[in-house]
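Visitor: Sharing a structure, written as structure tokens. Questions coming.
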Amino acid sequence: MKRIIIKLGESEVELPSYMVSLPQSFIDIIQESSNESLEKIVSCGIDPQDGNLYIVTSNSYIGIIKSTEKRKPISAFPGWNGEKIYLSFEDLGIQGIDSSLMIKSSINALNRGIVNVSGRYLCDIDLGEEVAHEDANNQTP
């Protein structure tokens, strides 16, 4: 499976092939001109395995929005300036949604881990807010 690599600040983020990302030059401009408190979505996609929407913001936040049985998006892509994402639905067509609403509605993906061994899925691990926060505070520079 082909991987996508984007640079967010000093970090390189490797994304699965189902993610749609803005060109790196757009991401760089968004990061240079962006207010720290105003996150913008620079990459998003629908995981074909679970149908959930994954988002990546200009501030390196990775979020998950779980789809409902009634209405599952078919595809997703970020707007050129990161202020909206566009979701495609079978019955509604393409709908533009503000990035700030999508970020507020998402679950922090870093609080949820997936254990794979030799490319085989074993289980999900829910780290929870407290454990993830404690781990972040206990890291040494």
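Visitor: Is the stretch 4-105 best put as rounded, prolate or oblate by its Cα gyration tensor, with a ≥ b ≥ c the root eigenvalues, rounded for a/c under 1.5, and otherwise prolate when a/b is larger than b/c, oblate when not?
Guide: Working: a/c = 1.98, a/b = 1.60, b/c = 1.24.
Taking the square roots of the gyration eigenvalues as a ≥ b ≥ c, the stretch 4-105 is prolate.
Visitor: Which residues does a label at GLU10 reach in the stretch 37-81, if reach means a backbone N under 16 Å from a point 7 Å past the Cα toward the Cβ?
Guide: Taking a point 7 Å out along Cα→Cβ of GLU10, the residues of the stretch 37-81 whose backbone N falls under 16 Å are 60.
Visitor: Quick one: compute a quarter of the convex hull surface over the Cα atoms of the stretch 3-63 and quote it in nm².
Guide: Details: hull surface 15.7 nm².
It is 3.9 nm².
Visitor: Cross-link candidates for LYS66: which lysines have Cα within less than 17 Å, leaving aside residues fewer than 8 places away along the same chain?
Guide: Straight-distance partners of LYS66: LYS104.
Visitor: Okay, next question. How fast does the stretch 48-108 diffuse by Stokes-Einstein, in µm²/s, taking the Kirkwood radius from C-alpha pairs at 37 °C and 0.692 mPa s?
Guide: Details: Rh = 11.9 Å.
Value of D from the Cα-based Kirkwood radius: 275 µm²/s.
No lab work stands behind these numbers, since they all come straight from the coordinates. Computed from a predicted structure; not experimentally measured. So basically every Cβ, Gly included, is an ideal-geometry build from the backbone, and we count neighbours across all protein chains shown.
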